[in-house]
Amino acid sequence: MASKRGKRAVVRVKRKAAAARRAIGRAAARTPGAKPAAKKVRAPKKALAKERSLAAAERRADLAKRRAARTAAPRKPAVKAVAAANGLPKPSAKPWGQAGRALDGVRILDFTHVQSGPTCTQLLGYMGADCIKVERPGVGDITRGQLRDVKGADSLYFTMLNGNKRSITIDSKHPKGKEILDRLIKHCDVLVENFAPGALDRMGLTWEYVHKTNPRMIVASVKGFGPGPYEDCKVYENVAQCAGGAASTTGFREGPPLVTGAQIGDSGTGLHLAFGIVCALYQRNRTGRGQRILCAMQDGVLNLARVKLRDQQRLAHGPLTEYSQYGEGVPFGKAVPRAGNDSGGGQPGWILKCKGWEDDPDAYIYFITQAPVWGAICDLIGKPEWKTDPDYATPPARLPRLRHIFNTIEEWTKTKTKFEVMEICNKHDIPVGPILSMKEIAEEPSLRATGTVVEVDHPGRGKYLTVGNPVKMSDSITEVKRAPLLGEHTEEILTKVLGYSDTELAEIKASGAITAPEKPAKAEAA
Ligand code: COA
């Protein structure tokens with residue numbers, strides 16, 4: 001509690017400041033056409049003097065307040081004092097997980113399609129952002145109908161990438177549709193898109209236009225390539241994996257380049273874009289203005305393949321000794337080779353057969369011969385003499401013999417299931433990883449328990465599994481919601497978010513901007 005004297009001082013100074021503020025307001029109002037906060041208004045001398053005295057009064061009020069706070073007793077907890085000094089709100093007293101979600105209040109104009117963009121906005125939706133997915137009337141995101149498993153229902157391709165979103169149908173090339181988009185731009189914080197290069201501009205939504213319409217808006221794009229020779233190209237997942245350096249370094253030395261099943265080009269770039277958006281939102285708190293974000297898929301893949309660019313530079317200084325081709329005496333060429341299942345780090349590893357491998361294509365385990373547990377490995381596989389044998393005792397001595405070492409370990413792993421190997425090795429801190437099939441992952445109870453694999457119900461297709469939020473936060477709990485039907489929230493968004501009246505809504509409906517064009521009657525078509 002502040003002392004009575006202190007409190008009175010604050011009240012006195014505050015009163016003076018308020019009086020000065022009122023005087024300035026009056027003076028400015030007397031200046032023809034002037035607004036008190038306008039940039040180049042020349043306030044009369046008297047008003048300027050008042051303004052100065054206002055600033056001084058505010059400083060005095062601040063001083064008096066701080067003095068009063070110093071005499072206050074009992075002292076507030078240190079954390080609260082720090083928070084107040086930073087101008088941040090006091091720590092919430094709500095229980096963990098009940099203080100809303102991280103991105104509550106952020107509204108996304110989601111102009112994404114296929115995979116890369118939708119991955120990004122789904123993650124933002126998991127974090128609480130209101131994602132308004134704009135789709136072409138009657139058509140929607142092309143993936144709704146791709147790889148369909150249930151006749152007439154939205155595909156898993158679509159539903160697993162578009163949870164936690166609302167869908168509005170708008171023909172972005174229709175004049176009324178443009179008008180609705182303008183309103184959306186004014187009501188949203190971020191526009192996310194992954195159209196082919198130039199498509200957004202052709203809709204009239206250039207950066208300049210969007211920025212002028214809403215200077216706070218962040219415009220975030222995925223493109224295949226950044227500025228350069230390929231900037232105009234359309235790109236899908238595997239093109240990015242190839243152009244980003246992943247394919248040339250994946251696969252076996254004696255085979256062709258390989259793409260990986262993990263969608264590092266699409267989902268990986270979506271993840272990068274989500275990171276960029278959150279950073280831009282944070283910066284906007286300081287600057288008050290939005291910015292453009294570009295994530296090129298080639299760049300995203302290269303970022304994930306950076307260890308291979310590391311190895312490219314190491315090659316200039318000699319062979320890559322941890323690659324098994326070194327131990328096999330195969331010379332290196334000019335570029336980083338494909339390394340099969342070699343470990344990408346400094347601890348040699350390989351995929352080994354386990355019990356049942358003859359019939360089960362996934363009865364394998366990844367086995368890492370980490371140096372500190374070498375003794376335990378030797379004991380387990382029945383080779384205790386390797387612990388002291390100079391040909392095996394040290395990591396450099398083992399490098400030329402890796403193939404033989406892994407073949408020997410495999411003789412042991414083949415006598416156990418991958419889960420038995422996992423259990424035994426983990427007791428000795430030996431890093432191993434079972435090769436899990438997608439079936440095993442879908443059925444794994446611990447992944448269900450943590451919300452990483454989630455079952456949701458969908459009106460068109462019934463229950464389906466999706467991947468929940470892989471980022472777990474203690475105070476921002478994700479509730480995974482099913483993907484929307486095409487245009488399911490059109491009316492809701494037009495009226496509740498954009499404020500259109502019932503009459504206006506009827507006009508919009510009649511205009512054809514939110515509905516699919518009528519199919520011509522057969523006779524007419526002929
Ligand atoms: N109303 C009216 N027209 C709409 C619309 C709407 N609501 N939504 C989209 N369209 C139009 C676009 O304006 C564009 O028309 P235009 O080319 O006449 O200007 C058209 O639909 C198609 O857009 P586009 O992006 O070219 O689709 P596509 O199917 O030909 O290409 C990709 C698909 C993925 C190859 C391409 O979008 C691309 O390269 N994107 C960037 C990289 C990327 O994200 N790739 C990964 C995808 S997982």
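Values as computed for the structure displayed
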quantity: Residue-wise HN-Hα coupling along the stretch 371-385, computed from phi with Karplus coefficients 6.51, -1.76, 1.60 (Hz; x: Gly, Pro); calculated: 3, x, 10, 4, x, 5, 4, 4, 5, 4, 8, x, 10, x, 5
quantity: Enclosed volume per residue, in Å³, of the convex hull spanned by Cα atoms of the stretch 247-311; calculated: 85
quantity: Charge dipole magnitude, Cβ of K and R +1, D and E -1 - the stretch 347-475, Cα centre, debye nearest 20; calculated: 200
quantity: Rg/Rh ratio calculated on Cα atoms of the stretch 101-144 (Kirkwood radius); calculated: 1.01
quantity: At most 13 other Cβ within 10 Å, DSSP loop - chymotrypsin sites (Phe, Trp or Tyr not before Pro), the stretch 381-478; calculated: none
quantity: DSSP-loop trypsin sites (Lys or Arg not before Pro) across the stretch 114-211, with at most 10 other Cβ within 10 angstrom; calculated: LYS151
quantity: Sequence-distant residues sharing a close amide H with THR169 (under 5 Å, placed H); calculated: GLU135, GLY487, THR490
quantity: The stretch 261-303: trypsin sites (Lys or Arg not before Pro) falling in loop per DSSP and having at most 14 other Cβ within 10 Å; calculated: ARG289
quantity: Inter-part distance where the stretch 181-249 and the stretch 112-163 are each reduced to a Cα centre, Å; calculated: 17
quantity: More than 12 Å apart - percent of Cα-Cα pairs taken over the stretch 290-350; calculated: 72
quantity: Violating pairs (Cα-Cα greater than 23 angstrom) within the set LYS223/LYS472; LYS151/LYS496; LYS355/LYS383; LYS173/LYS481; calculated: LYS223/LYS472; LYS151/LYS496; LYS173/LYS481
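Read-outs: derived from the displayed coordinates by stated rules, not from any lab. Everything numeric here is computed off the predicted structure, so don't read it as measured data. Backbone-built Cβ (ideal geometry, glycine too); neighbour counts: all protein chains shown.
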